[in-house]
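The values are calculated or read from the model by the stated rules, or taken from the named source; none is laboratory data. Owing to the predicted nature of the structure, the values given are computational and were not obtained by experimental measurement. In this analysis, Cβ positions are derived from the backbone assuming ideal geometry, glycine residues included, and neighbour counts consider all displayed protein chains. Quick note on the areas: whole protein, heavy atoms, side chains included, nothing else; ligands and nucleic acids left out. Shrake-Rupley method; radii C 1.70, N 1.55, O 1.52, S 1.80 Å.
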Amino acid sequence: MNLLLVCIAFICIAALEVPYMVKNKQWYSLTVYSVLLVSVFVLGALVASGIKVPSPIKAAQAFYKDILGLSFKSP
Amino acid sequence: MKLEQGSISTKDLMIGIICFIQATVLRSGYIVGITRQDSWAMAVTGFLFSLPLVFIYAALLKKHPGKNLIEIDDIIFGPVLGKIISVLYLFFFASLAALNARDLGNFVADYMMPETPITVIILIFMIGCVYTLCKGIENLMHLSAILAILSIGAIVINFILVLRDIQPWFLKPLFQLEPMRYVQGTVSVVTVPMGEILAFTMLMPLLEKDTKIVKPMVLGLLFSAVTIGIVILRDIVTLGPLAEIVSLPSFESVRYVSISGILTRMESVYAVVLVILFLFKVSILLYAFALGLTEILSRNPRHSADSEGQSCKAGYFKSQKSHPPLLFICAALIYFYSLFVFESVMENVNWGATTAPFFALTFEFLLPVVSLLVAFLRGNGRAKEVQS
């Protein structure tokens with residue numbers, strides 16, 4: 001159900017922007033837009049399916065805390 | 001894009017900065033957890049130490065008038081390294097937007113609508129942000145005056161209404177904590193609410209020509225510092241030791257308001273104001289992210305245009321609308337990012353108290369300083385070539 005909602009949402013997003021690009025023959029824009037759309041759709045599908053996606057912020061936290069040693073003590 | 005230079009005045013910029021910082025002010029619990037009864041002083045030290053950031057941003061923008069942060073990176077570092085640094089800035093803006101959206105979702109889910117899934121709350125919130133930006137960022141900035149009056153009015157009225165419940169001895173003992181706590185508190189205030197005005201550097205091309213950036217930024221930070229001080233002071237003298245324990249001291253202190261048993265539940269006013277301010281803040285961050293991504297992915301970026309304000313060149317994302325072309329995709333990305341950014345509120349709080357200041361300092365201080373240095377050195381190098 002969640003996956004279906006994500007699909008519908010992305011079809012709506014594509015419907016808002018893609019016709020304009022096709023009409024004006026903006027092929028480069030359309031290519032880049034499509035790549036981004038598919039990437040974000042895959043991310044959304046993973047999140048909607050309940051698959052645990054690694055958080056970039058946690059990676060940044062581990063980098064600053066464990067590698068650089070830059071972290072305050074917990075109050 | 002239809003946006004033109006001169007869409008936003010310096011007054012709009014100043015008030016926009018006030019509104020931007022207010023969203024974090026009303027969630028100042030993280031500062032009280034660090035410096036306890038002396039947290040009000042962090043507003044003063046935070047303001048003073050954030051001034052160098054303002055001067056750095058102003059110097060960069062003065063050297064490259066009419067350009068936003070992404071364009072400045074391209075000019076200073078070249079097309080390849082400039083894009084790498086710009087991607088880092090975009091990661092920062094996207095992370096801030098996702099974290100703030102998540103904060104808002106947690107607040108509404110915990111305090112207002114506990115039976116509503118957080119996914120739905122954040123989704124509706126992001127739709128609101130997208131709608132706001134579809135109507136134009138300049139309209140949002142013009143509206144910031146009303147938002148600022150609303151939020152400052154709410155703070156003042158709430159302060160007056162809790163006056164009879166205050167206990168000034170909760171401020172004692174003064175400045176008895178270990179010095180490292182004051183350093184941590186100051187750095188937290190400088191980086192988390194105040195330094196995030198870096199996002200406004202993406203709006204610079206919309207400012208009037210020959211605008212002085214320093215004055216509106218400094219005044220915006222000054223007013224924000226005053227409100228931060230007042231809010232934290234109110235929370236401490238109302239809640240006392242409880243201020244360190246609760247997650248939202250401002251929310252809890254406003255709950256004390258009860259005039260003759262009639263004027264109660266003022267925290268609902270606080271909640272509405274907070275939601276509106278968060279909408280403003282996340283909209284600015286979303287705009288910065290979407291515009292930056294558009295600029296990076298465009299074949300012929302805006303700054304290579306023949307005339308100022310001309311944004312439709314061959315290969316550039318053309319849009320007849322007043323919002324960045326990649327707005328919807330960026331909003332979807334930030335929505336999904338906010339859902340998996342942290343698994344729990346405690347992880348978020350821990351991040352904010354320990355590592356977030358250093359993470360933010362990298363983008364708010366280190367990268368702009370390096371950019372300014374490189375720009376200065378390249379400028380000197382070119383001057384010597386001309387002389388020889």
Just reorder B:PHE77, B:PHE159, B:PHE175 by solvent-accessible area, largest first, 1.4 Å probe, all chains present.
B:PHE175, B:PHE159, B:PHE77
Mean accessible area per residue over chain B (1.4 angstrom probe, all protein chains present, square angstrom) is 40
At a probe size of 1.4 Å, how large is the accessible area of B:HIS142, to the nearest 10 Å²?
90
Here is the link list: A:LYS25/B:LYS135; A:LYS58/B:LYS83; A:LYS25/B:LYS209; A:LYS65/B:LYS212. Which ones come out longer than 32 Å on Cα distance?
A:LYS25/B:LYS209; A:LYS65/B:LYS212
Can you give me the Kirkwood hydrodynamic radius for the range B:105-192, using every pair of distinct Cα atoms, in Å to one decimal?
17.5
Just the number, please: Stokes-Einstein D of chain B in µm²/s, Kirkwood Rh from C-alpha pairs, 20 °C, 1.002 mPa s.
99
What is the Cα coordinate range of the range A:2-67 on the first, second and third principal axes, sorted by size from largest, in whole angstrom?
51, 28, 12
Using a 1.4 angstrom probe on protein heavy atoms only, which residues from the range B:342-367 are buried by at least 10 Å² of accessible area when all chains are present rather than their own chain alone?
B:PHE342, B:GLU343, B:GLU347, B:ASN350, B:TRP351, B:ALA353, B:THR354, B:THR355, B:PHE358, B:PHE359, B:THR362
With r defined as the distance between the Cβ atoms of B:LEU88 and B:LYS62 and R0 fixed at 35 Å, what FRET efficiency is calculated, to the nearest 0.05?
0.95
Sorted by accessible surface (1.4 Å probe, heavy atoms of the protein chains only), largest first, B:LEU123, A:LEU4 come out as A:LEU4, B:LEU123
Using protein chains only (no ligands, no nucleic acids) and a 1.4 Å probe, work out which residues of the range A:58-75 have their accessible area cut by at least 10 Å² relative to the chain alone.
A:LYS58, A:ALA60, A:GLN61, A:TYR64, A:LYS65, A:LEU70, A:SER71, A:PHE72, A:LYS73, A:SER74, A:PRO75
On the accessible surface of the range B:10-358, probed at 1.4 Å, how many percent belong to carbon and sulfur atoms?
68
In nm, spacing of pseudo-spin labels at B:LEU242 and B:VAL80 (7 Å Cα→C-beta vector)
6.1
If Rh is defined by the Kirkwood formula over all Cα pairs and Rg also comes from Cα, what ratio Rg/Rh do you get for the protein assembly as shown?
0.97
Between B:TYR111 and B:GLN176, how many nm apart are label points set 7 Å from Cα along the C-beta direction?
3.0
B:SER268 paired with A:ALA15, simple spin-label distance in nm, labels 7 Å along Cα-to-beta-carbon
3.7
Any idea of the accessible area per residue across the range A:2-67, 1.4 Å probe, to the nearest Å²?
59
Rounded to the nearest 100 Å², what's the accessible area chains A and B bury against each other, both chains counted, probe 1.4 Å?
3500
Full-extension gain in nm, B:LEU51 to B:VAL226, via 0.36 nm per residue minus C-alpha separation
61.5 nm
